[in-house]
Protein chains: 2
Amino acid sequence: MIKPRTAPGTLELLPLDQIAFQGMLDTIRRSYERFGFLPVETPVMELSEVLLTKTGGETERQVYFLQSTGALQAAEPGATPELALRFDLTVPLARYVAEHEHKLAFPFRRYQIQRVYRGERAQRGRFREFYQCDVDIIGKDALSIRYDAELPAVINAVFSELEVGEFTVHLNNRKLMRGFLEGLGLDDPEQQTLVLREVDKLDKRGAEAVGETLTGEGFAMDGAAVDRLLGFVQVRSSGYDNALARLEALGQGNEVFNQGLSELREVLGLLKDFGVPEQRYCLNLSIARGLDYYTGTVFETILNDYPQIGSVCSGGRYENLAGHYTKSKLPGVGISIGATRLYWQLREAGLISTAESSVEVMVAQLDEARLPKYLALAQQLRAAGINTEVQLEAKKLGKQLQHADRAGIRFVVMLGEDEEARDVVSVKDMRKQEQFEVARAELASTLRVEIEQSRAMGSSAIGSGNEVSA
Amino acid sequence: MIKPRTAPGTLELLPLDQIAFQGMLDTIRRSYERFGFLPVETPVMELSEVLLTKTGGETERQVYFLQSTGALQAAEPGATPELALRFDLTVPLARYVAEHEHKLAFPFRRYQIQRVYRGERAQRGRFREFYQCDVDIIGKDALSIRYDAELPAVINAVFSELEVGEFTVHLNNRKLMRGFLEGLGLDDPEQQTLVLREVDKLDKRGAEAVGETLTGEGFAMDGAAVDRLLGFVQVRSSGYDNALARLEALGQGNEVFNQGLSELREVLGLLKDFGVPEQRYCLNLSIARGLDYYTGTVFETILNDYPQIGSVCSGGRYENLAGHYTKSKLPGVGISIGATRLYWQLREAGLISTAESSVEVMVAQLDEARLPKYLALAQQLRAAGINTEVQLEAKKLGKQLQHADRAGIRFVVMLGEDEEARDVVSVKDMRKQEQFEVARAELASTLRVEIEQSRAMGSSAIGSGNEVSA
């Protein structure tokens with residue numbers, strides 16, 4: 001006998017939790033489609049040669065390699081296996097766009113909701129398998145900065161629909177940051193990266209400690225420069241006018257700084273037209289993100305009441321998506337939601353709970369001889385779009401009601417001798433603990449109305465409404 | 001520069017094909033939910049020890065093993081890696097039910113739509129990564145035979161909704177088959193398996209050749225017995241009464257034969273109550289399927305006009321799901337659709353084509369200064385549930401229309417100086433090649449009606465209706 005257990009670092013859900021999670025993915029997908037993004041799915045495995053174009057780095061150390069039984073037996077020690085699992089959706093996107101370039105219409109707007117794999121150290125809340133939900137807009141040769149302003153609108157739509165409380169999109173621009181550092185005399189990109197990595201620890205270590213590190217032996221930065229830097233990265237805005245004023249207050253800098261400034265202004269100016277409310281975004285000049293990758297606008301999204309969760313949706317602008325695979329220049333802008341981690345953290349925070357069952361009705365079996373009638377009732381309900389289970393085993397009614405209760409099924413439909421004589425059915429509402437009768441011909445429409453009403457009355461996309469406390 | 005390419009044995013789709021495929025998966029999912037099945041997803045990787053409980057066999061030779069960079073470096077030659085990818089959804093289901101047994105309500109009805117992995121030899125139409133769409137009903141200790149009759153109803157619902165032409169569920173019962181072979185003096189289960197494997201070649205090799213093999217050296221079966229066997233496995237029925245008559249004509253046999261007979265009769269008798277039309281099922285006494293696994297009812301599903309595709313949905317009854325993981329007896333019945341292969345074969349057969357885009361409207365950019373108005377129109381459309389893309393780059397209108405055409409977007413919305421003065425917008429219907437004007441306030445509702453109508457008018461679940469030729 002082997003102990004049944006899942007591999008460490010994976011999240012497997014019981015059915016009612018799976019329904020809640022699936023509701024979250026469906027909401028994200030619907031919002032992405034609303035904005036005109038097209039679905040793409042790529043194979044979970046890529047050729048290692050294609051996947052691992054960038055040598056070294058943290059990512060490569062976490063890759064999962066794949067070998068069939070035959071390949072495993074024939075493998076030479078130390079050789080890189082031919083196949084590996086994707087560790088994000090960005091490299092597969094780059095490969096996809098380069099491979100199918102001549103069959104795609106640009107700007108190419110794609111969404112992709114799939115799992116990715118990382119050989120993370122096992123740790124609570126860290127996953128080796130997790131869903132990412134990405135959208136990207138890819139241009140051919142060029143892509144208007146206006147698309148940068150569209151993504152906060154997508155974030156606004158998604159997180160409003162997820163009903164997880166108030167949230168804020170934090171905006172920055174890597175050019176502004178780079179220009180600022182150059183203004184401090186930090187011209188070397190590698191040195192910039194190291195400094196930004198220290199600055200990133202601001203929230204954890206505090207300004208003083210970071211300042212000490214930067215003026216200390218390793219960096220030996222000028223004290224006044226460090227003060228200016230710490231002042232810069234602590235800029236936050238509140239509302240549109242305030243954001244513009246904060247940018248104004250930064251003054252002018254070198255060319256790249258001024259370009260970043262003008263891009264941020266243009267993005268801010270468009271957010272209103274895109275319908276993003278003022279309280280849903282702010283400047284946050286400390287955001288660096290993916291230091292080697294992003295080149296312009298960068299985003300993070302914070303849940304106002306749960307800042308400790310960190311960013312729940314991040315992304316930004318990049319200059320060239322697929323330089324390893326094609327000579328075409330493919331600039332783009334995108335965002336990503338780590339849905340498994342988000343779900344897990346919202347559940348930990350008590351923000352989402354188990355959903356009601358996707359099974360809406362159970363037809364009970366009161367009397368074996370009436371089974372054909374129960375099956376006919378179920379067909380009637382299903383034809384009306386109601387998810388229906390029939391009890392096919394002859395069991396005591398108490399047991400059957402217990403099953404419905406345990407399984408989270410709201411309505412139990414009962415038809416006995418008495419009901420049949422009067423051409424009605426009895427319906428037990430397990431949630432309200434009420435029982436009522438309805439004419440047989442009106443069963444489906446009556447339940448349809450009940451179900452629609454309870455959906456409209458604040459069932460959230462994830463879990464049921466009354467369980468969302470935000 | 002590295003050549004961008006997918007791993008062999010995987011199916012990657014362009015967006016409009018992905019929409020068609022996704023429509024197929026959505027239809028299957030919706031049908032499964034309608035019958036009260038609950039969603040389950042399991043991690044793609046399982047612990048090898050858990051996954052590979054049955055030693056040897058074809059399956060194990062096709063397993064993909066998984067190793068992180070660290071595990072790969074530390075691996076001892078010849079050792080089995082700790083993790084492997086699932087090769088079906090049945091073993092993960094067994095593990096899931098055994099692991100979560102005390103938190104599940106029985107009979108446990110689950111559906112699972114995920115990809116599985118097999119290290120198949122590379123060959124056209126064979127996939128190393130493919131979707132399976134499974135439903136199973138698992139009982140605790142016992143499960144009524146009635147559930148066996150529910151699954152043809154599920155198949156009937158799914159394939160009716162997929163709109164891939166007429167189809168037939170072929171029914172058999174392993175007990176009937178076993179009893180029949182025992183009646184011929186074949187008592188040894190291994191010998192039975194070998195004989196059935198030969199019988200399975202009937203369609204390919206013909207009755208004469210199979211007969212010769214069975215009477216020949218290896219099997220040395222009696223000529224009369226072989227004739228009886230070949231007569232038995234060629235039994236097919238047409239309609240309910242005919243099916244009963246064919247069973248009647250078989251006469252009586254040993255206990256297990258008679259049990260199979262009575263189970264088949266009960267299943268046939270219930271199909272009517274489950275609403276399965278007579279022309280949608282038949283007896284086919286040659287079906288053996290998963291010789292080591294199924295113990296009672298077995299199903300296959302054939303597309304009437306495309307029998308060469310083989311079974312598009314198969315399954316059956318098994319005595320005990322999770323004997324490797326738990327002492328609980330868990331009998332069940334289930335079916336599986338290999339969706340990737342099905343999609344690929346339907347496309348090869350010309351039964352499905354590229355779908356219309358999920359993007360329903362493109363708002364053109366006639367005039368940069370009106371961008372805020374275009375964005376407002378898009379918000380209005382999205383709020384009405386219409387998937388909308390806005391052209392944010394300033395390009396010539398011709399280019400923009402070309403983009404919509406190439407991307408398969410049906411409606412292009414245009415607002416210029418003239419339209420604005422009259423408070424209307426122009427709409428170009430790319431499919432009908434017509435242009436019309438509509439009052440701005442009525443844009444969303446007008447397009448909503450157009451879209452609903454064209455959906456109702458025979459857009460199939462997969463691809464658009466007029467492209468389905470069946």
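The values are calculated or read from the model by the stated rules, or taken from the named source; none is laboratory data. Since the structure is predicted, the reported quantities are computational estimates derived from the model, not experimental observations. We place every Cβ from the backbone using ideal geometry, glycine too, and count neighbours over all the protein chains shown. Accessible surface is based on the protein model in full, side chains and every heavy atom, while ligands, DNA and RNA are left aside. Shrake-Rupley method; radii C 1.70, N 1.55, O 1.52, S 1.80 Å.
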Positions within the stretch B:1-50 being buried (at least 23 other Cβ atoms within 10 Å of the Cβ), more than 7 Å from chain A (Cβ to nearest Cβ) and not in a loop (DSSP other than H, G, I, E, B), in sequence order: B:A20, B:F21, B:M24, B:I28, B:S31, B:Y32
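Being within 9 Å of another protein chain (Cβ to nearest Cβ), assigned to a loop (DSSP other than H, G, I, E, B) and at pLDDT below 95: is that true of B:A355 here?
On the way: within 9 Å of another protein chain (Cβ to nearest Cβ): no; assigned to a loop (DSSP other than H, G, I, E, B): yes; at pLDDT below 95: yes.
Spelling it out, it is not the case that B:A355 is within 9 Å of another protein chain (Cβ to nearest Cβ), assigned to a loop (DSSP other than H, G, I, E, B) and at pLDDT below 95.
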All positions within the stretch A:132-161 that are surrounded by fewer than 23 Cβ atoms within 10 Å (Cβ to Cβ) and part of a strand (DSSP E or B): A:Q132
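Using the structure shown, decide if A:L89 is more than 8 Å from every other protein chain (Cβ to nearest Cβ), aliphatic (A, V, I, L, M), out of contact with any Leu (no Cβ under 8 Å at 6 or more places or on another chain) and touching a residue at least 12 places away in the same chain (Cβ under 8 Å).
On the way: more than 8 Å from every other protein chain (Cβ to nearest Cβ): yes; aliphatic (A, V, I, L, M): yes; out of contact with any Leu (no Cβ under 8 Å at 6 or more places or on another chain): yes; touching a residue at least 12 places away in the same chain (Cβ under 8 Å): yes.
Considered against the rule, which asks whether it is more than 8 Å from every other protein chain (Cβ to nearest Cβ), aliphatic (A, V, I, L, M), out of contact with any Leu (no Cβ under 8 Å at 6 or more places or on another chain) and touching a residue at least 12 places away in the same chain (Cβ under 8 Å), A:L89 comes out as yes.
Being more than 30 Å from B:Q402 (Cα to Cα) and under 23 Å from the mean Cα position of the chain (by Cα): is that true of A:P43 here?
On the way: more than 30 Å from B:Q402 (Cα to Cα): yes; under 23 Å from the mean Cα position of the chain (by Cα): yes.
Yes; evaluated as a whole, the condition is true for this residue.
From the list B:F257, B:F299, B:F274, which residue is touching an Asp or Glu at 6+ places or on another chain (Cβ under 7 Å) and in contact (Cβ under 8 Å) with a residue 60 or more places away in the chain? Walk me through it before giving the result.
Numbers: B:F257 fails: touching an Asp or Glu at 6+ places or on another chain (Cβ under 7 Å); B:F299 fails: touching an Asp or Glu at 6+ places or on another chain (Cβ under 7 Å).
Of B:F257, B:F299, B:F274, the one residue that is touching an Asp or Glu at 6+ places or on another chain (Cβ under 7 Å) and in contact (Cβ under 8 Å) with a residue 60 or more places away in the chain is B:F274.
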Residue in the stretch B:425-439 that is crowded, with 17+ Cβ neighbours inside 10 Å and among the aromatic types (F, W, Y) present: no
Per-region count, the stretch A:382-405, residues more than 9 Å from every other protein chain (Cβ to nearest Cβ) and open to solvent by less than 60 Å² (accessible area, probe 1.4 Å): 4
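Restricted to the stretch A:162-184, and to residues that are closer than 16 Å to A:S31 by Cα and part of a loop (DSSP other than H, G, I, E, B), which residue is least open to solvent (accessible area, probe 1.4 Å)? If you could, list the steps in order and put the result at the bottom.
At the first step, the residues of the stretch A:162-184 found to be closer than 16 Å to A:S31 by Cα are A:162-164.
Imposing the further condition that a residue be part of a loop (DSSP other than H, G, I, E, B) reduces the set to A:163-164.
Numbers: A:E163: 85, A:V164: 5 Å².
Of everything passing the filter in the stretch A:162-184, A:V164 is least open to solvent (accessible area, probe 1.4 Å).
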Cβ-Cβ under 6 Å pairs, at least 6 apart or on other chains, the stretch B:52-81 side more than 7 Å from chain A (Cβ to nearest Cβ), far side surrounded by 11 or more Cβ atoms within 10 Å (Cβ to Cβ) and modelled with pLDDT under 85: B:L52/B:E60
The stretch A:429-470, subset of a type outside the set (A, V, I, L, M), in contact with a Leu (Cβ under 9 Å, 6 or more places away or on another chain) and assigned to a loop (DSSP other than H, G, I, E, B), residue modelled with the lowest pLDDT: A:S469
Residue within the stretch A:362-378 that is within 30 Å of A:M24 (Cβ to Cβ), open to solvent by 40 Å² or more (accessible area, probe 1.4 Å) and assigned to a loop (DSSP other than H, G, I, E, B) present: no
